[in-house]
Amino acid sequence: MIPKKSEINSIKSDILPETETDQAIRKFVQLKAQMNEFSSRLESAEVEATGEALSIFQYNQKHNKNNTVYSDSMAKVVLCFRQKYANSKDSVKLARLEDDIRIEEIKLQRKNATKLNKLDADIEELENQIKALEERKQKLLESKHLSNLQAQHQKVIQESAYKVPGLVVHFNK
């Protein structure tokens, strides 16, 4: 249940004077809002800066083959390119090749169904043998003393648990 504002105010007045809590939280929310606004402005500026950087890069390609597009006492900006690939939604050729691959895989599965079933059975048998061997190995690595130590370890971890406060801000649009 979410407390009403009047309930929060009564709780707040018991903890700290109203001005101290309101000021700190209000400042936090305002800074968070500024950060969100700044982030969207930064994204917009990055698009424009990338366009400008590409122009500078083209000029540099002709003259000195340098990827540095800006430099001053505060920062150096280097244009870099990340490799991206088309996907089947963007390329008809890729979509057709993927379909051809699936069709060929289905043909091979049908053609070799008996041999594949035999191999699957062999794999299952070997997996069962491995499972049995792992169980035998695990039994050799278990003892009451080890179990007690592990239980004590978990108990100490549980006893040392603590909570760290944090804030989540939801902005009204």
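The values are calculated or read from the model by the stated rules, or taken from the named source; none is laboratory data. A quick note: this is a predicted structure, and the numbers were derived from the prediction, not measured. Please note: Cβ atoms are built from the backbone with ideal geometry, for glycine as well, and neighbour counts cover all protein chains shown.
Could you tell me which residue of region 62-73 is nearest to GLY166 (Cα to Cα), considering only residues that are surrounded by 12 or more Cβ atoms within 10 Å (Cβ to Cβ) and not aliphatic (A, V, I, L, M)? Of everything passing the filter in region 62-73, TYR70 is nearest to GLY166 (Cα to Cα).
Each row is one residue, and each column tells you yes or no for (1) outside any helix (DSSP H, G or I); (2) modelled with pLDDT under 90; (3) surrounded by 10 or more Cβ atoms within 10 Å (Cβ to Cβ); (4) among the aromatic types (Phe, Trp, Tyr).
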position: GLN34; (1), (2), (3), (4): no, no, yes, no
position: ASN60; (1), (2), (3), (4): no, yes, yes, no
position: LYS89; (1), (2), (3), (4): yes, yes, no, no
position: LEU94; (1), (2), (3), (4): no, no, yes, no
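Inspect all residues belonging to region 154-170 and state whether any of them is surrounded by 10 or more Cβ atoms within 10 Å (Cβ to Cβ), under 30 Å from LEU31 (Cβ atoms) and modelled with pLDDT under 95. Checked against the condition, which is being surrounded by 10 or more Cβ atoms within 10 Å (Cβ to Cβ), under 30 Å from LEU31 (Cβ atoms) and modelled with pLDDT under 95, region 154-170 yields at least one hit. Do we find that SER13 is out of contact with any Pro (no Cβ under 6 Å at 6 or more places or on another chain), modelled with pLDDT under 90, of a type in the set (Ser, Thr, Tyr) and surrounded by 11 or more Cβ atoms within 10 Å (Cβ to Cβ) in this structure? Yes, satisfied.
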